[in-house]
Amino acid sequence: MDLVFYNTLTRQKENFKSIDEGKVKMYSCGPTVYNYAHIGNFRAYILMDTLRRVLKYNGYELKHVMNITEEGHLESDADEGEDKMEKAAKREKKDPYEIANYYMNIFLSDMEKLNIDKPEIITRATDNIDQMIDYVKDILKNGYAYETSKGIYFDISKLDKYPVLSNRNLDEQMAGARVEVDKEKRNPYDFALWIKAPENHIMKWQSPWGLSYPGWHLECSTMSRRFLGEQFDIHTGGVDHIPTHHENEIAQSKGATGRIPAKTWMHCEFLLVDGGKMSKSLGNTYTISQLEEKGITPLAFKLFCFTSHYRNKLNFTFEGALGAQKALERLYDSYLKHENGTAEISESEIESYRQKFINAINDDMNMPAAMGVVWEVARKNEKSKEFANLLLEFDKVLGLNIINSAKYLKEFSKDNNEEEIPEEIKNLLEERKTAREEKNWKKSDELRDLIISKGYSIKDTKEGMVLSKI
Ligand code: AMP
Ligand code: ZN
C-alpha cells in the first residue's frame, strides 16, 4: 500500500514521495529548555518517533534534524513578553546556560525512557549563531526585511501570500487584538528576525546589528537549511506551531531562498488533561517522572497515545493511563505466551495480519487501527512463535520494547504486586527457585503445578521467574 500522510499545507492526505528516492530529510521543532517538558510536549515527540519508525519500516533512510532552543523564544509566539530562558534564569537564580543544560539532559533522558528513536542530528540553537546571522543577511539582501530601533523585522507585505499554512484572517484578528502595534513596524504582522538586546539581557551575541539575539522562528529556518538544504521532505510540530511559528518559518524561507522549505507539514493535535488545557496554574502539566511516581511507565504513556489518531485531541486521565499500563502488561504477557507457544501458523495468515497492520500505519499513521491488529495477534488462542515474531516486527513501529517483555513484567510485578503476593506463594516460589538451582526438575515442575493450582501463572525467563495472577 502507498504511504499516505495528511499535509497541513495542502489540507489533504497525499501519497508520500520523497525528493530523493529512498531517503527522507525531515525537521522537527524541538523543545525550548527552560522547564521540564510535559506529557503534552511528549505527545508531539511520540508522533515524531512513530513517523520515523513508519518511514524506516517502509524502507527509507532518514536524515532528521531536531533543534534545542535556548534563547529567543519569547513568552508569546508573536514577539511579545520576556525571553522564556531569561525568565527561568531569574526564577531559579542561575545562569541561563546552566538552566538549558539541566532541562535538556532531562528531556533527552525522558526521550530515552519513551524509547523515542532519536533524530540523526540534534543541534543547539546557540551552536548556529553565525549561520543565523547569514540567514538574516540573505533576507535583507533580497529586500524582505528592514531594521528598526528594536531589531530586524520581516516585511510580510513583500510575500505573494501570508498566511499560507493556517486559515487565519489577519484583518479580523487585528480588529480583536489587545496589544498595541509597534509604530516602527511596516505591517502589524511583521515579526522579529533578530532582536537588539536590552542592557540586562544575558544571552546575546555580537552581530552586524550590535549586541543582539535571534528570534525563535529564525532558528528553525536556519538549522533546517544548514543541515537539510533549501528544501526537504517533512516538517513536524504541534498544532500550536501552525499559525505563527511555522507560518513565519515559511515566510523566512521564501525571503531567503524563494521556496517553502518542506513539502509536507505534519502537526500533532493537543493532549488535554481531564478534558481541558494543560496549564501551570491548574497544576496539571505532568512530567514523565510524575507519571512514573503514580505507577504509569513511560511506555504505557506511549501506548496511551496510540489510543487516538495524532490529528485528534486526546484526553489524558489517570484512569485512562492506568488502563494503558494494564494493557501494556497484557501485551508483554501475550508476547511471552506466544514466545513459548508451539502452534504452527501458515505464512498466509501471518501475511494477512502484516498487511492489515501496514494498511493502518501507512494510512496517515492510524495507530488506533494498527493497535487493533496488534491486539488481534496478541490475543490469538493458538500460541505460536510466529506470532511472537510478528509482534516483534510490529514493535519496530510501536517502539514499546516488546523484546524486553520478561524484564519489564518482572519489574512491574516487583513494583506493584510484592504486597499482594500471599506469603504461601512467596514460599513456594523460593522453594522452586532452590529446586531449580539444584537441577531438581521434577520438584520444580510439581511446585509450578501447585502454584498454578493456587491461581498464579509462572513463566521461566532468562531474567528469572515471572509470576502473574491467572
Ligand atoms: P515547546 O517546548 O513549547 O516549543 O513545545 C514543544 C512541542 O510540544 C511543540 O511541538 C508543541 O507544539 C508541543 N506541545 C505543547 N503543548 C502540547 C500539548 N498539550 N499537546 C501536544 N503537543 C503539545
Ligand atoms: Zn521550530
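The values are calculated or read from the model by the stated rules, or taken from the named source; none is laboratory data. What you see is a predicted model; the values in this text were computed from it and never measured. No Cβ is skipped: glycine too gets one built from the backbone with ideal geometry, and neighbour counts run over all protein chains shown. Protein only, heavy atoms only, side chains kept; ligands, DNA and RNA dropped before computing areas. Shrake-Rupley method; radii C 1.70, N 1.55, O 1.52, S 1.80 Å.
In segment 260-349, the ratio of gyration radius to Kirkwood radius, Rg to Rh, stands at 1.13 when only Cα atoms are counted.
Just list whichever of K113/K337; K90/K183; K113/K426; K63/K396; K396/K469 have alpha carbons separated by over 20 Å in the model shown.
Details: K113/K337 25 Å; K90/K183 30 Å; K113/K426 31 Å; K63/K396 18 Å; K396/K469 29 Å.
Pairs exceeding the cut-off: K113/K337; K90/K183; K113/K426; K396/K469.
In loop segments of segment 143-247 as defined by DSSP, the GluC sites (Glu not before Pro) with at most 10 further C-beta atoms inside 10 Å of their C-beta are E180, E199. Averaging sequence separations of C-alpha pairs under 8 Å and six or more residues apart, then dividing by the length of the chain, give the relative contact order as a whole percent. This gives 16 percent for the chain. Anisotropy class assigned to segment 4-268 is oblate, per the alpha carbon gyration tensor with a/c at or over the 1.5 cut-off and a/b no larger than b/c. Charge tally around V136: other residues with Cβ under 12 Å, Lys/Arg +1 each, Asp/Glu -1 each, net -3.
Near G238, the amide H atoms lying under 5 Å from its own belong to C268; only residues 5 or more places off or on other chains count, and H is placed 1.01 Å from N. When we measure straight from the Cα of K277, which aspartates and glutamates land under 14 angstrom away, once same-chain ones fewer than 8 places off are left out? Within reach: D240, E269. Cα centroids of segment 273-345 and segment 105-136: 26 Å apart. Of the listed residues R124, R226, R53, the order by accessible area with a 1.4 Å probe, largest first, is R226, R124, R53. Of the whole protein surface, H246 contributes about 0 Å² of accessible area at a 1.4 Å probe radius. For segment 100-151, the convex hull spanned by the alpha carbon atoms encloses 131 Å³ per residue. Over all pairs of different C-alpha atoms, the chain has a mean inverse distance whose reciprocal, the Kirkwood radius, equals 24.8 Å. Calculated mean residue ellipticity at 222 nm for the chain: -13500 deg cm²/dmol, from DSSP H runs with n ≥ 4 weighted as -39500 (n - 2.57), summed, divided by the residue count and rounded to 500. The overall shape of segment 156-283 is rounded: from the C-alpha gyration tensor, with semi-axes ordered a ≥ b ≥ c, the ratio a/c is less than 1.5. Filter the cross-link list K150/K185; K263/K356; K158/K196 down to pairs whose alpha-carbon distance in this structure exceeds 20 Å. In this structure, K263/K356; K158/K196 exceed 20 Å between Cα atoms.
Accessible surface area normalised per residue over segment 4-268 is 41 Å², counting heavy atoms of protein chains with a 1.4 Å rolling probe. On a straight-distance basis, which aspartates and glutamates could pair with K294 in a cross-link, Cα separation under 17 angstrom, same-chain partners fewer than 8 positions away excluded? Within the straight-line cut-off, K294 pairs with D110, D274, E319, E329, E411, D415, E418, E419. Residue ranking by accessible heavy-atom surface, 1.4 Å probe, largest first, among F154, F227 comes out as F227, F154.
Qualifying GluC sites (Glu not before Pro) in segment 1-101, where qualification requires a DSSP coil assignment and no more than 15 other C-beta atoms within 10 Å, comprise E21. Computed over protein heavy atoms with a 1.4 Å probe, the accessible surface of segment 273-418 works out to 45 Å² per residue. Rolling a 1.4 Å probe across the protein heavy atoms gives segment 423-469 an accessible surface of 65 Å² per residue.
Taking amide H as placed 1.01 Å from N in the peptide plane, Y6 has its amide H under 5 Å from the amide H of E14, each at least 5 places away in sequence or on another chain. Stokes-Einstein diffusion of segment 423-469 at 10 °C, 1.306 mPa s viscosity, Kirkwood radius from Cα pairs, rounded to a whole number: 151 µm²/s. Highest mean packing first, where packing is the average number of other Cβ atoms within 10 Å per residue, the peptides 331-338, 189-196, 276-283 line up as 189-196, 331-338, 276-283. Hydrodynamic radius of segment 273-418 by the Kirkwood approach over all distinct alpha-carbon pairs: 16.4 Å. Across the accessible surface of the chain, with the other protein chains kept in place and a 1.4 Å probe, carbon and sulfur atoms take up 47 percent. Summarising the amide proton neighbourhood of F316: residues at separation of 5 or more, or on other chains, whose placed amide H is nearer than 5 Å comprise L272, V273, D274, G275. Loop-located trypsin sites (Lys or Arg not before Pro) in segment 1-47 (DSSP state not H, G, I, E or B) with no more than 14 neighbouring Cβ atoms inside 10 Å: R11, K17.
Taking the DSSP beta bridges with both ends in the chain, the antiparallel portion is around 50 percent.
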